[in-house]
Amino acid sequence: EKRQAVLASIDEEPSEQAAPHTEEGMSSGEGPRALVIEGAALKHMLGDPDLEELVFSIASGCNAVIACRVSPRQKALLVKLVRHNVSPEPVTLAIGDGANDVGMIQEAHVGIGISGKEGKQAVNASDFAIAQFRFLEDLVLVHGRWNFFRLSNVVMFSFYKNAIMAGCLIVFNGETVFSGTALFDDWVIAMLNFVAGVPIMVFGAFDRCLDKDYVKRNPEVYEPSRKNELMTIRVMFRWVIVTFVHIFSLYHFTVQPLGKGGGISSAFRGLSSKLDDDHPGEAEGADLTSVGTITFTCLVILLALKVLYESKSIINGNWPAFTCSKDAKEGFFSRLAYTWHGLTFGSIFFWFFFIWAYEIVSEQQGPGSFFNFAGVTSHVLGMRSVNWMLIIFVPVAAIAFDVAGKVFSNMYFPTQTQIHIELEAAEKNAARKMNTRGMDETGGNGHDENMPVDEPDII
């Protein structure tokens, strides 16, 4: 039903709003209304609560309000009038290009300054600056919408990743009679925001759920951002459930198998081979540091998969990113696969580099309370095959719960944004099939001359 409603709203052509006329040709007064008021009239009204309420009630019944010859203070009071007389308080936006607009820009929630012939005062006092008024459409409908969806997911993910690590520590304390013993090494805990921060930073900078052209053709997609679609109780409840599922998946799929006797069951050459005569049973791995390192490794990979799964657009870039070809239309930074570089090099590879470097530093400084990681990395990654099995399968098993929940939600309780994503995907598939059919009929070589040769691939 939601999909049918959205399709109907898209197919409807906007009708011209005209004031109905009676048989005598006179206007009936039942059409769009506008209020035009001068500063001289506002001088007697603003400041009086009764008159302000009267002005606002009249203005609320109009499609447009034009205030002319008003002072800078009156502009700010008009914005304040809207903010304080609407419940719940709306998000107001003010735009201006001169010094007389500074008060209005500062009074609104969002202030936009236009840089022009009247100086830079409005720009300096604003939250955003644009060069021309026509850029307001892209700023609000396109970039503002993208930014809302990006930041909403970044905020949720920030709480989610810290809650997962803290949850593992809390659950583990049940095994240690709540003695405060940490499952992870202190330096490992401190690395969470570094190894898990790069993927979500890439997500917050580049993710977009709908393309610019589709958004401008269907401005109704802006409505979900006004209704806080990604900050509802339903969405937060889903994140909370996923957090608890991932906590117990990580803990019970790693700590329990390794710490309950499973730590002495696996080695690349077998425990009986005695890799070193002076260190019999060196491949055992039920100690606290080894188990905690494997759990944290699964946590890092799970967070990377979570970012990849929440992304609405994956930047594959072009290979090779560095090229001297004359046909390349973009530079090096426009050809990078930011999504994959952020996940692999910025998170997973960086984590493995850190634990190897941490081991080397610990061996150089000597085991102690400050560096207590000597031999841990080579032990858990080089002598125990079961650890690699857990590293591969535990994050996949944990994210499978999230995938199942998202598929069920999109199928039976889709949001307006999800419906438009599916409609846009259907449009792209239809256009791709039509383009392919046209090239087959004309005997083309499979390349559309109207398309850029090296346009970065964004899914």
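The values are calculated or read from the model by the stated rules, or taken from the named source; none is laboratory data. Just so you know, these numbers come straight off a predicted model, no measurement behind them. So basically every Cβ, Gly included, is an ideal-geometry build from the backbone, and we count neighbours across all protein chains shown. To get the accessible areas, we keep the full protein, side chains included, count just its heavy atoms, and leave off ligands, DNA and RNA. Shrake-Rupley method; radii C 1.70, N 1.55, O 1.52, S 1.80 Å.
Using every Cα-Cα pair within the range 32-136, state what percent have a distance larger than 19 Å. Within the range 32-136, distances greater than 19 Å cover 46 percent of Cα pairs.
Do any of K212/K306; K216/K433; K312/K428; K80/K227; K117/K227; K80/K212 go past 27 Å between their Cα atoms, and which?
K117/K227; K80/K212
Among the protein heavy atoms of the range 354-401, carbon and sulfur supply 70% of the accessible surface, probe 1.4 Å, non-protein parts ignored.
Which percent of the accessible area of the range 32-136 is formed by carbon and sulfur heavy atoms (probe 1.4 angstrom)? Reported share for carbon and sulfur atoms: 55 percent. What the phi angles of the range 382-393 give under the Karplus curve with 6.51, -1.76 and 1.60, with θ = phi - 60°, is a coupling list of x, 10, 9, 6, 5, 5, 5, 4, 5, 4, 7, 8 Hz, glycine and proline written as x.
Rounded, prolate or oblate: which fits the range 135-237, taking a ≥ b ≥ c as square roots of the Cα gyration tensor eigenvalues, rounded meaning a/c under 1.5, else prolate when a/b beats b/c?
Numbers: a/c = 5.15, a/b = 2.52, b/c = 2.05.
Prolate shape, in that a/c is at least 1.5 and a/b is the bigger ratio.
Available extension along the chain between N316 and F349 is 10.0 nm, counting 0.36 nm per residue and deducting the alpha carbon span. Set Lys and Arg Cβ to +1 and Asp and Glu Cβ to -1, take the dipole of the range 134-229 about its Cα centre, and tell me which of T176, F149, P224 lies farthest positive. The Cα lying farthest towards the positive end belongs to P224. If you take the Cα centroid of the range 198-219 and the Cα centroid of the range 62-78, the two points sit 35 Å apart. Using the average count of surrounding beta-carbon atoms within 10 Å as a protection proxy, the listed peptides 39-50, 350-361 rank, highest first, as 350-361, 39-50.
Just the accessible area per residue of the range 32-136, please: how many Å² with a 1.4 Å probe?
Details: 6470 Å² over 105 residues.
Ligands and nucleic acids excluded, the figure is 62 Å² per residue.
Proximity of backbone amide H atoms, modeled 1.01 Å from N, is registered between D97 and I114 at under 5 Å, excluding neighbours fewer than 5 places apart on the same chain. With a Förster radius of 56 Å, plug the Cβ-Cβ distance of I360 and M434 into 1/(1 + (r/R0)^6) and report the FRET value to the nearest 0.05. That gives a FRET efficiency of 0.45. Comparing N63, L77, S126 along the charge dipole axis of the range 32-136, the residue lying farthest to the positive side is S126, per the Cβ-charge model. Taking label positions 7 Å along the Cα-Cβ direction at both E220 and F244, the computed distance is 3.7 nm, reported to one decimal.
Computed from label points 7 Å out along Cα-Cβ, the spacing between L288 and M389 is 2.7 nm.
The range 379-395 and the range 337-356 have their alpha-carbon centroids 18 Å apart. So, with +1 on the Cβ of K and R and -1 on the Cβ of D and E, and no other charges, what is the size of the charge dipole of the range 32-136 about its Cα centre, to the nearest 20 debye? That gives a dipole near 340 debye. Each label point was placed 7 Å from the Cα along the Cα-to-Cβ direction; for R234 and D211 their separation is 2.8 nm.
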